[in-house]
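Written below as structure tokens is the structure these notes are about.
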Amino acid sequence: MTMTETEVSRPAPVAGQDGAGQEIVLHDYWRSSAAYRVRIAMGIKGLSWRTVPVDLVAGEQRGARHMALNPQGLVPALEIDGLVLTQSLAMLEYLEQTRPGPALLPPAAGERARVRAIALAIACDIHPLSNLAVLNRVERLGGAEARADWNRANIGSGLQVVERLLDHPGFTGRFCHGDSPGLADCTLIPQLYNATRWGVDFNGLGRISAVARACADVPAFVAAHPDRAAAAAAGSQSPDPAAGDR
Ligand SMILES: N[C@@H](CCC(=O)N[C@@H](CS)C(=O)NCC(=O)O)C(=O)O
């Protein structure tokens, strides 16, 4: 059965680490763009969490401990409210439905559909072609240069499409949708981190670049950056959004 938004009850905020009285645990890898989405969203919602690092390079995602949480052998996994959630966008939707605070989705159904479409264009149509298994396979078939070419081409062409999706003066504001950051921005910024890493050409990505500049001024985005996450993972604490304030 599909849960509708109205069927989900909001836990009453009481004193506690996340405002609802229970510890939140993010099974995270600092460079994972899917986990980065969740770090941003939890920062926007003003939540605190404990980080359990999962070293993807060492293959810990396929170890018994992590597979028990996420049978897909991927990060992130999120322990929250006695649940174990997988799939980053499902986590963002869960946070939106259960946690007060700045909204990740606009109120109107049509606008929500637009925001989700932008997020899904990234999370379903760009990101999976750059996951570790795919990249390793490409490298085995064509060598290290093929791996880099593949990634640049996939992310570059995908972002050109997102740029067109953002071509809506009525809806795109300082952020992907309107003037406050939401689910689409949580998905876009991690993808841009990867794009930069792989040397994607940002020519023709003016709207995306403007959104990236706006996000760079938002503490939750700054605190969730992989460099911060790597440092936070060393101490197993969530990054401090206030520390990212510029
Ligand atoms: N659709 C999933 C994607 C998760 C995913 O691909 N995670 C990557 C890191 S960004 C991963 O764990 N890769 C490890 C591997 O491929 O072995 C989500 O949004 O949570």
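The values are calculated or read from the model by the stated rules, or taken from the named source; none is laboratory data. Just so we're clear, the structure is a prediction, and the values are computed from it rather than from any experiment. As a convention, Cβ positions derive from the backbone with ideal geometry for all residues, glycine included, and neighbour counts pool all protein chains shown.
Restricting attention to region 227-245, does a residue exist that is modelled with pLDDT of 95 or more and either of a type in the set (S, T, N, Q) or under 20 Å from LEU104 (Cβ atoms) (or both)? No, region 227-245 contains no residue that is modelled with pLDDT of 95 or more and either of a type in the set (S, T, N, Q) or under 20 Å from LEU104 (Cβ atoms) (or both).
Can you work out which of the residues in region 38-63 that are more than 10 Å from the ligand (Cβ to nearest atom) and within 21 Å of GLY73 (Cβ to Cβ) is nearest to the chain's Cα centre (by Cα)? Quick ask: steps written out before the conclusion?
Keep residues of region 38-63 that are more than 10 Å from the ligand (Cβ to nearest atom), which gives 39-53, 55, 58, 63.
Cutting the leftovers down to within 21 Å of GLY73 (Cβ to Cβ) gives us 39, 51-53, 55, 58, 63.
On the way: ARG39: 7, THR51: 15, VAL52: 17, PRO53: 16, ASP55: 18, ALA58: 22, GLY63: 23 Å.
Filtering first and then ranking leaves ARG39.
Taken together, the criteria exclude VAL134 from residues that are in contact (Cβ under 8 Å) with a residue 40 or more places away in the chain, within 27 Å of THR196 (Cβ to Cβ) and near the ligand (Cβ under 10 Å from one of its atoms).
Annotation note: of GLU139, GLU79, the sole residue that is part of a helix (DSSP H, G or I) and either within 19 Å of the chain's Cα centre (by Cα) or away from the ligand (no atom under 11 Å from the Cβ) (or both) is GLU139. Of all residues in region 119-134, those that are surrounded by fewer than 19 Cβ atoms within 10 Å (Cβ to Cβ) and part of a helix (DSSP H, G or I) total 6. Do we find a residue being buried (at least 21 other Cβ atoms within 10 Å of the Cβ) and free of Cβ contacts under 8 Å to residues at least 60 places away in the same chain anywhere in region 99-118? No, every residue in region 99-118 fails to be buried (at least 21 other Cβ atoms within 10 Å of the Cβ) and free of Cβ contacts under 8 Å to residues at least 60 places away in the same chain. Entry remark, region 82-98: residues being part of a helix (DSSP H, G or I), within 13 Å of the ligand (Cβ to nearest atom) and surrounded by fewer than 22 Cβ atoms within 10 Å (Cβ to Cβ) number 4 in total. In region 30-65, what residues are more than 22 Å from PRO128 (Cβ to Cβ), touching a helix residue (DSSP H, G or I) at 6+ places or on another chain (Cβ under 9 Å) and not charged (D, E, K, R)? Result: MET42, GLY43, ILE44, GLY46, LEU47, SER48, TRP49, THR51, VAL52, PRO53. Restricting ALA68, ALA35 to those that are of a type in the set (A, V, I, L, M), more than 14 Å from the ligand (Cβ to nearest atom) and assigned to a helix (DSSP H, G or I) reduces the list to ALA68.
Checking the structure you have, find out if any residue of region 156-167 is at pLDDT 95 or above and closer than 21 Å to GLY59 by Cβ. Can you show your working first?
Within region 156-167, the first condition is being at pLDDT 95 or above, and the residues that meet it are 156-167.
Subsequent filtering for residues that are closer than 21 Å to GLY59 by Cβ retains none.
No.
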